[in-house]
Amino acid sequence: ITSAECLHIAITGTSQGIGLDAAKRLVADGHTVYHACRSHDRAQVAVEGAGGGIPMVCDLADLNSVRSFADSFKEKVPVPLDVLCLNAGVAPSRKAE
(Lines give C-alpha, C1' and ligand atoms only; values in the text may rest on other atoms or scores of the structure.)
Protein backbone atom coordinates (compact mmCIF):
# COMPACT_ATOMS: atom_id res chain seq x y z
CA ILE A 1 0.00 0.00 0.00
CA THR A 2 1.45 3.33 -0.99
CA SER A 3 0.82 6.71 0.57
CA ALA A 4 -0.37 8.02 -2.80
CA GLU A 5 -3.66 6.15 -2.52
CA CYS A 6 -5.77 6.78 0.57
CA LEU A 7 -7.61 3.57 1.44
CA HIS A 8 -10.48 2.89 3.83
CA ILE A 9 -9.31 0.07 6.10
CA ALA A 10 -11.18 -1.67 8.92
CA ILE A 11 -9.01 -3.56 11.40
CA THR A 12 -10.21 -5.74 14.26
CA GLY A 13 -8.17 -5.89 17.44
CA THR A 14 -6.46 -2.51 17.19
CA SER A 15 -6.47 -1.80 20.92
CA GLN A 16 -3.12 -3.59 21.41
CA GLY A 17 -0.37 -5.65 19.84
CA ILE A 18 -0.03 -6.22 16.10
CA GLY A 19 -3.37 -4.58 15.34
CA LEU A 20 -2.36 -1.36 17.09
CA ASP A 21 1.04 -1.33 15.38
CA ALA A 22 -0.60 -1.84 11.97
CA ALA A 23 -3.12 0.92 12.67
CA LYS A 24 -0.36 3.34 13.70
CA ARG A 25 1.50 2.75 10.44
CA LEU A 26 -1.60 2.98 8.26
CA VAL A 27 -2.80 6.20 9.94
CA ALA A 28 0.71 7.68 9.59
CA ASP A 29 0.64 6.80 5.87
CA GLY A 30 -2.60 8.77 5.45
CA HIS A 31 -5.15 5.97 5.25
CA THR A 32 -8.54 6.07 6.95
CA VAL A 33 -8.58 3.39 9.64
CA TYR A 34 -11.76 2.10 11.25
CA HIS A 35 -10.93 0.57 14.63
CA ALA A 36 -13.34 -2.38 15.04
CA CYS A 37 -13.09 -3.27 18.74
CA ARG A 38 -15.21 -5.15 21.29
CA SER A 39 -16.43 -1.96 22.94
CA HIS A 40 -16.57 1.75 22.22
CA ASP A 41 -14.12 2.38 25.08
CA ARG A 42 -11.54 -0.02 23.57
CA ALA A 43 -12.06 1.54 20.14
CA GLN A 44 -11.51 5.03 21.55
CA VAL A 45 -8.29 3.86 23.24
CA ALA A 46 -7.21 2.38 19.89
CA VAL A 47 -7.85 5.68 18.09
CA GLU A 48 -5.78 7.55 20.65
CA GLY A 49 -3.00 4.93 20.57
CA ALA A 50 -2.81 4.91 16.77
CA GLY A 51 -2.90 8.68 16.45
CA GLY A 52 -6.19 8.77 14.57
CA GLY A 53 -8.93 6.82 12.92
CA ILE A 54 -12.59 6.16 13.55
CA PRO A 55 -13.83 4.11 16.53
CA MET A 56 -16.39 1.39 15.80
CA VAL A 57 -17.79 -1.50 17.82
CA CYS A 58 -17.48 -5.05 16.49
CA ASP A 59 -17.36 -7.96 18.94
CA LEU A 60 -16.39 -10.96 16.83
CA ALA A 61 -17.74 -13.33 19.49
CA ASP A 62 -21.24 -11.90 18.97
CA LEU A 63 -22.75 -12.28 15.48
CA ASN A 64 -25.35 -9.60 16.25
CA SER A 65 -22.49 -7.18 16.95
CA VAL A 66 -20.82 -8.14 13.66
CA ARG A 67 -24.08 -7.53 11.76
CA SER A 68 -24.56 -4.24 13.56
CA PHE A 69 -21.01 -3.19 12.62
CA ALA A 70 -21.64 -4.00 8.95
CA ASP A 71 -24.97 -2.16 8.94
CA SER A 72 -23.48 0.84 10.74
CA PHE A 73 -20.53 0.97 8.34
CA LYS A 74 -22.79 0.89 5.26
CA GLU A 75 -25.02 3.58 6.78
CA LYS A 76 -22.31 5.98 7.99
CA VAL A 77 -19.47 5.57 5.49
CA PRO A 78 -20.22 6.85 1.97
CA VAL A 79 -17.33 4.98 0.32
CA PRO A 80 -16.57 1.28 -0.09
CA LEU A 81 -14.28 -0.51 2.33
CA ASP A 82 -10.98 -1.22 0.57
CA VAL A 83 -9.39 -3.56 3.12
CA LEU A 84 -10.74 -5.67 5.98
CA CYS A 85 -7.97 -6.91 8.28
CA LEU A 86 -9.27 -9.60 10.65
CA ASN A 87 -6.57 -9.38 13.28
CA ALA A 88 -8.48 -10.03 16.51
CA GLY A 89 -8.56 -13.48 18.02
CA VAL A 90 -11.70 -15.08 19.34
CA ALA A 91 -11.45 -17.47 22.28
CA PRO A 92 -14.31 -19.43 23.84
CA SER A 93 -15.50 -17.93 27.10
CA ARG A 94 -16.01 -21.39 28.64
CA LYS A 95 -13.89 -24.49 28.64
CA ALA A 96 -14.99 -26.81 25.83
CA GLU A 97 -16.50 -30.07 27.00
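The values are calculated or read from the model by the stated rules, or taken from the named source; none is laboratory data. Worth saying up front: this structure is predicted, and the values here are computed from it rather than measured. For neighbour counting, all protein chains shown are included, and Cβ atoms are generated from backbone atoms with ideal geometry for every residue, glycine included. For accessibility, only protein heavy atoms count, side chains too; no ligands or nucleic acids. Shrake-Rupley method; radii C 1.70, N 1.55, O 1.52, S 1.80 Å.
Around LEU20, under 12 Å between beta carbons, what's the net of Lys plus Arg minus Asp minus Glu among the other residues? Mind showing how you got there, number by number?
Details: positive: LYS24, ARG25, ARG42; negative: ASP21, GLU48.
Taking every other residue near LEU20 into account, the sum is +1.
The list (1) 27, 15, 9; (2) 23, 16, 11; (3) 27, 19, 14 gives values of semi-axes √(5λ) of the Cα gyration tensor in Å, and only one came from this structure; which label was calculated from it?
Label (2) holds the value from this structure.
Under the Karplus relation 6.51 cos²θ - 1.76 cosθ + 1.60, θ = phi - 60°, what is the ordered set of whole-Hz ³J(HN,Hα) values for the stretch 41-47, x standing for Gly and Pro?
Computed from phi, the couplings for the stretch 41-47 are 4, 5, 5, 5, 4, 5, 4 Hz.
Which value at 222 nm does the chain reach when only helices count, each DSSP H run of 4 or more adding -39,500 (n - 2.57), with the total divided by all residues and rounded to the nearest 500 deg cm²/dmol?
Details: 3 runs with 37 residues, N = 97.
Taking each H run of at least 4 residues, the total per residue is -12000 deg cm²/dmol.
How much length would be gained if the chain were fully extended between LEU81 and ARG25, taking 0.36 nm per residue of separation minus their Cα-Cα distance, in nm to one decimal?
On the way: separation 56, 0.36 × 56 = 20.16 nm, distance 1.80 nm.
Extra length available between LEU81 and ARG25 comes to 18.4 nm.
Mind ranking 61-72, 22-33, 38-49, 6-17 by how tightly packed they are, going by the mean number of other C-beta atoms within 10 angstrom, highest first? Walk me through the numbers on the way to the answer.
Details: 61-72: 13.0, 22-33: 18.8, 38-49: 17.0, 6-17: 20.4.
Ranking the peptides 61-72, 22-33, 38-49, 6-17 by packing returns 6-17, 22-33, 38-49, 61-72.
For the Cα atoms of the chain, what angle does the longest principal axis make with the long axis of helix 17-28, in degrees from 0 to 90, nearest 10?
20 degrees
Would you work out the relative contact order for the chain, in percent, from Cα pairs under 8 angstrom that are 6 or more residues apart?
Values: 167 pairs, mean separation 30.6, N = 97.
The value is 32 percent.
Quick one: accessible area per residue over the stretch 1-91, 1.4 Å probe, rounded to a whole number of Å²? Could the numbers behind the result be given before it?
On the way: 5300 Å² over 91 residues.
For the stretch 1-91, the per-residue accessible area is 58 Å².
Relative to the longest principal Cα axis of the chain, at what angle does helix 63-76 sit, 0 to 90 degrees, rounded to 10?
Taking the Cα atoms of the chain, the angle to 63-76 is about 20 degrees.
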